[in-house]
1. If you take every residue apart from N27 with its C-beta less than 13 Å away from the C-beta of N27, what net charge results, scoring Lys and Arg +1 and Asp and Glu -1?
2. Against the longest principal axis of the chain, how steep is helix 125-134, in degrees 0 to 90 to the nearest 10, with axes from Cα atoms?
3. Picking from G306, G16, G90, which is most flexible by a Gaussian network model of the chain using Cα springs under 10 Å?
4. Listing K269, K276 from the residue with the fewest other Cβ atoms within 10 Å to the one with the most, what is the order?
5. How much length would be gained if the chain were fully extended between L265 and A81, taking 0.36 nm per residue of separation minus their Cα-Cα distance, in nm to one decimal?
6. Counting only DSSP beta bridges with both residues in the chain, tell me the antiparallel percent, nearest 5.
7. About the Cα centre of the chain, what is the dipole size in debye to 20, counting +1 per Lys and Arg Cβ and -1 per Asp and Glu Cβ, all else neutral?
8. Compute the distribution of all C-alpha to C-alpha distances in the range 1-42, in bins of 5 Å from 0, and list the percent of pairs in each, rounded to whole numbers.
Amino acid sequence: METIPINVESGIPLMGAIQFGIIPRSNNSMVQVRATTVCNLKCSFCSTCANESLVHPVHFVVDPDYLVQWFEHVAKLKGTAIEANIDSVGEPTAHPKLLELITKLHDSTHCSFISMQTNGSLLNESMIKKLEENGLNRINLSIHSLDETLSKKLMGNPAYDIKHVLSMARIISTSSIELTLAPVLIPGINENDMPKIIELSKELKSTIGIQKYEVYRHSRRIPKVKPETYWRFYERLKNWEKEFKIKLRLRKEDYKIKKTQELPLTFQKGDRVAAKIVCPGWYPSEMIGVAKERCITIRNCTNQKGDIVNVRIKENSDHIYLGELV
């Protein structure tokens, strides 16, 4: 599988693509920071179908200096220091220079808080210590079942060790890093595990944010499992709140996310622009073009790197731009 390095010399901007860079969703003080698409697991319900070479023939790995440069650019546009949420369409801890990225974000006056999503399988005690020393403020840890057999099945890797991940959770809980357990509730599959994970969060004195199982266009799907309604999902949370006397229906305010200036969109739907092809896209038959310092993912494109193509913008939600050739 090809790996595309993204740095200042690459000519690839860090806004506009969903799989890497900076994603400033809405008008709040938290932005997503995506440094890699690499993942070590193959979760059976993964919303992005990560670690699947037929679906994603290329990986992207972003240079920390370049990423922080763009993070600071976005913070300046928002007019305030902002939170860096290091998440990924893969696994953030798979980035070889994660510690360097966290250090540089921590040292930036434009960064107010650093959080990170992880499946926990690549963590160890030494790494957690370094993450703490380098300035990481919160870990959102994906634990979907405490059962060894079911957890291996859900995570799509027979080497996945829930005992190791639980050990890491306990180490995090005794550090200065805040811990949030982040299970996905999959109807009919792991709903009986939720009370156990809630009890674990109380034992560890951590926050817990139960997520709703969703299916998207490219999701990896569990056979015969359908997403439940929002009403049913929130009724479950409401009942568990009463039973366990714990807050489960979390809001932005619970994570101290504030309103900030919303960034103006670079392109509107229907705009026609000339874009320079810079690299393949994340999915087959896609290429990434660049115009006005933004990436545009162009579907059904067979042009080569360096070509100039005319593109019509089809989608622009959250500064993620999708286009088609015209």
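1. Numbers: positive: R25, K78, K252, K258, K259; negative: E262, D318.
Cβ neighbours under 13 Å give a net charge of +3.
2. Computed tilt is about 60 degrees.
3. G306
4. Numbers: K269 13, K276 16.
Result, fewest neighbours first: K269, K276.
5. 64.2 nm
6. Percentage antiparallel, nearest 5: 45.
7. The dipole magnitude comes to about 960 debye.
8. 5, 19, 23, 24, 13, 11, 3, 0
Every read-out reported here was derived from the displayed coordinates using simple, explicitly stated rules and does not represent laboratory data. Not measured: the values here are computed from a predicted model. All Cβ positions, even for glycine, are placed from backbone atoms using ideal geometry, and neighbour counts span all protein chains on display.
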